[in-house]
Amino acid sequence: MAKTLQERRAERQLMIVLLPSLLLLFAFVIYPAIYSVYLSFTNEALTGAAARAPRFVGTRNYARLFNDAKFWNALFVTFVFVLGSAIIGQFVLGLVSALALRRRLVFRTLFSSIILLPNAAPEVVAGFMWISMLAGGDHATLSRVVSFFGLPTADWLQVFPLTMIIVVNTWRGIATAMILLTAGLSTVPQEIYEAARMDGATPSQMFRRITVPLMMPTILLYMLISTVSTIAVFGLVYALTRGGPGGATELISIYIYNQSFTAYQLGYGAAVAVIALLVSLMLGIAYVRAAKVEI
Amino acid sequence: MKKTVFGGLCAILLGCTSTLVQAETLRLANHGQAGIDAMKSTVERIEKKLGVKVEVVEYPAPDKDYLSKLLTELGAGNGPDLFSMPSTAAVADMVEAGYLAPITAEINAWEGYKNFYDVAKKLAVSPDGETYVMPYMLGIQEIYYRKDVLDKAGISTEQPKTWDDLLVRAEEIKAKTGAYGLLFPAGISWGSGAFDEGFQHLIVGSKTPQIVTDDGKLDLTGEGVKDVFNVYKTLIDKDLMPVQPLLGPEPWVIPKYEQFPAGKLVATTCGSWCYIFDWGRESKNPIPDVTEVVGTWTVPGQSGGQFVLANLAAPWAVNADSANVELAKKALLEIGSVETQVSYAARIGNIPASKDAAADPEFQKLTELVPIHAAAENGTFLKQAAGFGTVAEGVARATDALLRKEVDAAGAQKILVDYVKETLGDEAVK
């Protein structure tokens with residue numbers, strides 16, 4: 001059926017309203033992504049002959065990447081980091097905080113403020129603050145705490161680097177998890193809990209059979225957001241360890257930076273970035289599909 | 001209508017005037033407070049003498065971050081008019097990239113250049129025969145050792161004759177004092193320092209003392225390269241050099257600024273700047289009577305000979321894409337003046353490249369540097385080539401693997417060769 005004049009006008013108006021956003025999206029998201037894919041097939045560099053006259057190298061960057069042990073190490077470190085800090089650390093502590101805040105706590109406002117506090121500090125500032133806590137030597141905070149209990153001190157970022165960055169990123173991300181999961185919890189009707197209670201359900205049963213299943217869309221949305229944003233974490237870890245020691249905390253984001261702006265190989269760095277983008281995309285699709293199934 | 005035309009003409013005139021004003025402004029990149037302070041009087045002199053406004057743009061202080069930002073801006077075509085480079089190794093690549101304006105004619109015609117040390121002039125000439133940088137300061141590097149610690153432990157302070165001699169001395173230090181015996185900077189975190197302040201010292205005295213062939217290719221498969229990595233391996237395996245701090249984000253802080261002043265590291269490669277910046281009057285943790293307490297050895301060759309390594313320290317260059325190339329070149333010659341050289345020497349501790357500095361009353365006050373300046377003529381250096389920046393990164397990666405005890409010397413050499421081939425292509429490497 002042909003569209004009426006009014007419908008066509010509404011469509012035109014809609015396009016006019018959307019056009020600025022679409023242009024901005026194209027200029028700052030789509031075009032750079034396409035350009036990165038193009039770069040990944042060249043030997044473009046920031047210095048040397050390739051900076052003056054970059055050339056097309058086909059799939060050479062990708063072939064090199066798949067044989068690069070440091071790339072696989074970065075991918076593995078990123079996987080452990082995302083699993084440890086986003087999927088386990090932030091989620092569990094965020095959920096506990098969200099559940100706790102639903103109760104009538106004495107210092108509820110203070111408690112929620114404390115959890116939100118890490119987000120108030122810029123990530124590099126937060127990174128340096130944690131360095132002072134985790135550094136070696138007798139004056140660092142953690143070393144003083146453990147020595148109070150008679151335990152040996154250590155340079156924590158050297159001895160347990162990956163664990164430490166997981167702890168720091170968990171600390172930083174609890175607030176986001178808590179806010180999202182609180183929103184999810186508020187969508188679960190109280191009547192269901194009351195009915196379950198009358199049927200003699202225990203708190204554990206209610207949590208497993210009511211809270212978690214009904215919150216699943218929110219949980220999956222949180223997982224999607226936190227996984228993708230944790231894959232892209234850079235500043236916090238770069239300030240803490242710069243990817244060291246010996247690549248132990250070299251996340252894929254740091255590896256991309258190191259290839260592009262330390263080794264100055266923009267083409268190779270772009271190839272790694274394209275792979276990181278594909279990984280994020282696949283995870284995103286998986287989460288979205290899972291969420292649909294649950295809904 | 002008339003008002004509109006008049007308004008338009010005024011706007012055009014204003015635009016032209018502001019463009020002309022802008023054309024008389026030179027943008028100069030500098031990094032690190034000491035470097036900025038050292039240039040203060042030079043900036044005033046340039047403004048007065050050339051009638052221009054100089055805008056000093058402060059860049060990130062760490063060399064690695066500075067170079068990344070500078071290269072990004074130059075690549076994007078909006079770099080500063082004048083800038084310094086953190087290491088000699090970066091120059092040839094930047095020439096290849098077309099970032100630097102040649103200054104051969106201007107510098108050779110300049111009166112002040114005649115009294116520069118030959119070693120500085122040679123280091124400034126690029127593989128294409130042109131000069132692109134003002135080689136006004138030299139980094140003269142040797143091995144610095146704690147004389148007081150050795151004397152107290154009854155260990156000889158005599159100049160080691162060979163690499164073996166040096167390693168035996170380091171073992172003796174470890175055995176008698178418990179302190180680390182010798183440090184050669186290494187690892188990825190140290191950046192180009194792993195090459196500039198470590199690898200270079202040894203390769204010039206090895207069986208294959210140059211890594212560039214006559215046709216400009218990089219030769220990294222030589223026996224000398226493996227032997228150099230073997231020195232690192234020995235130091236690491238025998239726990240003669242600190243390893244853990246070198247794997248951290250600021251690897252120089254603990255060994256150079258804490259362990260050496262405390263006598264827990266007894267010998268390390270360093271440049272003349274250590275007498276001023278690292279442990280001297282500009283240091284946050286100075287060693288009292290530093291020239292009395294800290295002595296120097298030249299770096300021995302593998303089987304004899306003595307080597308004093310000379311590098312260009314922070315050479316300045318003109319942006320080839322600058323809107324004011326000619327003006328920037330004139331400013332560059334001012335940066336090359338003895339006055340600026342002495343100002344840098346006083347604050348950072350590098351050695352003036354001009355012989356005339358010896359007669360400068362301000363330089364004569366820098367008693368730590370005067371004897372090093374006099375000996376600068378004998379400096380040894382590596383022949384430069386495009387790709388040196390990549391070699392420096394490859395050395396950092398190779399030594400990082402050695403620090404983590406993942407490879408032996410041959411494995412480290414393979415990491416270096418593979419990295420350079422992967423990055424520059426097989427054709428760049430012999």
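Taking only the Cα atoms of the stretch B:285-336, how large is their convex hull per residue, in Å³? Walk me through the numbers before you get to the answer.
Numbers: hull volume 10.4 nm³, N = 52.
Spelled out: Cα convex hull of the stretch B:285-336, divided by residues, is 200 Å³.
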Acute angle (nearest 10 degrees) that the helix B:325-335 long axis makes with the longest principal axis of chain B, alpha-carbon atoms: 50 degrees
Over the stretch A:192-295 - Rg/Rh using Cα atoms and the Kirkwood inverse-distance radius: 1.23
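Dipole magnitude of the protein assembly as shown about its Cα centre, charges +1 at Lys/Arg Cβ and -1 at Asp/Glu Cβ only, in debye to the nearest 20? Don't skip to the answer; put the middle values down first.
On the way: 62 positive and 69 negative charges, 572 e Å.
The dipole magnitude comes to about 2740 debye.
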Calculated FRET efficiency for the pair residue B:33/residue A:88, C-beta based, R₀ 51 Å, to 0.05: 0.70
Where labels lie 7 Å past Cα in the beta-carbon direction, separation of residue A:197 and residue A:277 in nm: 5.2 nm
Isotropic mean projected area of the C-alpha convex hull, the stretch B:109-254 (nm²): 11.5 nm²
Mean separation of Cα contacts under 8 Å (6+ apart) over length of chain A, as relative contact order %: 28 percent
Rg and Dmax [Cα atoms of the stretch B:341-430; Å; Rg one decimal, Dmax integer]: 19.6, 52
Residues of type lysines that residue B:421 reaches as a straight line, Cα spacing below 24 Å, ignoring anything fewer than 8 places off in the same chain: A:70, B:64, B:207, B:217, B:226, B:233, B:383, B:405, B:430
Most to least packed among B:360-370, B:144-154, A:191-201, B:87-97 [average Cβ atoms within 10 Å]: B:87-97, B:144-154, B:360-370, A:191-201
Pair residue B:156, residue A:31: separation of 7 Å Cα→Cβ label points (nm): 7.0 nm
Student exercise, the stretch B:42-90 dipole from Lys, Arg, Asp, Glu Cβ charges, in Debye to nearest 20: 180 debye
Ordering of B:316-323, A:76-83, A:258-265 by packing [mean C-beta count within 10 Å, highest first]: A:258-265, B:316-323, A:76-83
Ordering of A:123-135, B:385-397, A:154-166 by packing [mean C-beta count within 10 Å, highest first]: B:385-397, A:154-166, A:123-135
Whole-Å distance, taken between Cα centres, linking the stretch A:236-295 and the stretch B:229-243: 33 Å
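Using the structure shown, list the pairs from B:49/B:329; B:48/B:330; B:329/B:355; B:256/B:284; B:147/B:256; B:121/B:365 with a Cα-Cα distance above 18 Å, or answer none. Can you show the working numbers first?
Details: B:49/B:329 13 Å; B:48/B:330 13 Å; B:329/B:355 22 Å; B:256/B:284 12 Å; B:147/B:256 16 Å; B:121/B:365 26 Å.
Violating the 18 Å Cα-Cα cut-off are B:329/B:355; B:121/B:365.
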At least 40 Å² of accessible area lost relative to the chain alone, listed for the stretch A:142-164 with a 1.4 Å probe: A:158
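Any idea of the total accessible area buried by the A-B contact, 1.4 Å probe, rounded to 100 Å²?
Details: alone 17680 and 18050 Å², together 33500 Å².
So the total buried area for this chain pair works out to about 2200 Å².
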Mean separation of Cα contacts under 8 Å (6+ apart) over length of the stretch A:1-105, as relative contact order %: 12 percent
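Relative contact order for chain B: what is it in percent, counting Cα pairs under 8 Å that are at least 6 residues apart? Let's see the in-between values first.
Values: 807 pairs, mean separation 116.4, N = 430.
In percent, rounded to a whole number, it is 27.
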Average beta carbon contacts from partner chains per residue of B:246-258, 10 Å cutoff: 3
For q = 0.05, 0.07, 0.10, 0.11 Å⁻¹, Debye-computed log10 I/I(0) when each Cα of the protein assembly as shown counts as one equal scatterer: -0.32, -0.60, -1.08, -1.24
Centre separation in Å (Cα based) which lies between the stretch A:200-218 and the stretch A:182-199: 8 Å
Per-residue average of Cβ from other chains inside 10 Å of B:399-411: 1
Test item: A:238-249 mean partner chain Cβ contacts at 10 Å: 5
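Note down the magnitude of the dipole of chain B about its Cα centre, charges +1 on Lys and Arg C-beta and -1 on Asp and Glu C-beta and zero elsewhere, to the nearest 20 debye. Numbers along the way, then the final one.
On the way: 41 positive and 57 negative charges, 122 e Å.
In debye, rounded to 20, chain B gives about 580.
The values are calculated or read from the model by the stated rules, or taken from the named source; none is laboratory data. Computed from a prediction, not measured in an experiment: that's the story for all the values here. Positions of Cβ are backbone-derived with ideal geometry, glycine not excepted, and every protein chain shown enters the neighbour counts. Each accessible area value is taken on the protein alone, full model and side chains, heavy atoms only, with ligands, DNA and RNA left out. Shrake-Rupley method; radii C 1.70, N 1.55, O 1.52, S 1.80 Å.
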